[in-house]
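Notes follow the structure.
The values are calculated or read from the model by the stated rules, or taken from the named source; none is laboratory data. Remember, predicted model here, so these are calculated numbers, not experimental data. Cβ coordinates were reconstructed from backbone atoms using ideal geometry, including for glycine residues, and neighbour counts include every protein chain displayed.
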Amino acid sequence: MNKQLSGVLVHEMPTDLQLALSSNTKAVAAWENISVIARNEWICWTVSVKQDKTRLEHIKRACADLAAGKRRPCCWVGCLHRTDKKPSAWAQKVLIDKQPRKL
């Protein structure tokens, strides 16, 4: 039986992530111990990729990282879909406006 995990801020819990997390008791405990915003970032980090292979890798890593005690995805700027928080200048320029990085 899979445990229903606590809710999130913007994104709905995808079924594949729900199933993977709920099969790992340490990941479930960590999920229940992080903020709603952190949960949302894990989901956004998982679903924002383009390829199914990458999504699977993110799901596996999310389970492993949560079980190991990580509270947020590493090197993740945060969910750009949130309407309650303005994106950083870098995120707006590079991730949203898609301007090339200057070297």
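Among the residues of region 53-61, are any surrounded by fewer than 14 Cβ atoms within 10 Å (Cβ to Cβ) and either among the polar types (S, T, N, Q) or modelled with pLDDT under 80 (or both)? Let's see the steps before the verdict.
Initially, region 53-61 is screened for residues surrounded by fewer than 14 Cβ atoms within 10 Å (Cβ to Cβ), giving 53-54, 57, 60.
Next, from what is left, pick out any that are either among the polar types (S, T, N, Q) or modelled with pLDDT under 80 (or both): 54.
The answer is yes, given that some residue of region 53-61 is surrounded by fewer than 14 Cβ atoms within 10 Å (Cβ to Cβ) and either among the polar types (S, T, N, Q) or modelled with pLDDT under 80 (or both).
On the given criteria, is residue 12 among the acidic types (Asp, Glu) and part of a helix (DSSP H, G or I)? Can you show your working first?
Values: among the acidic types (Asp, Glu): yes; part of a helix (DSSP H, G or I): no.
No.
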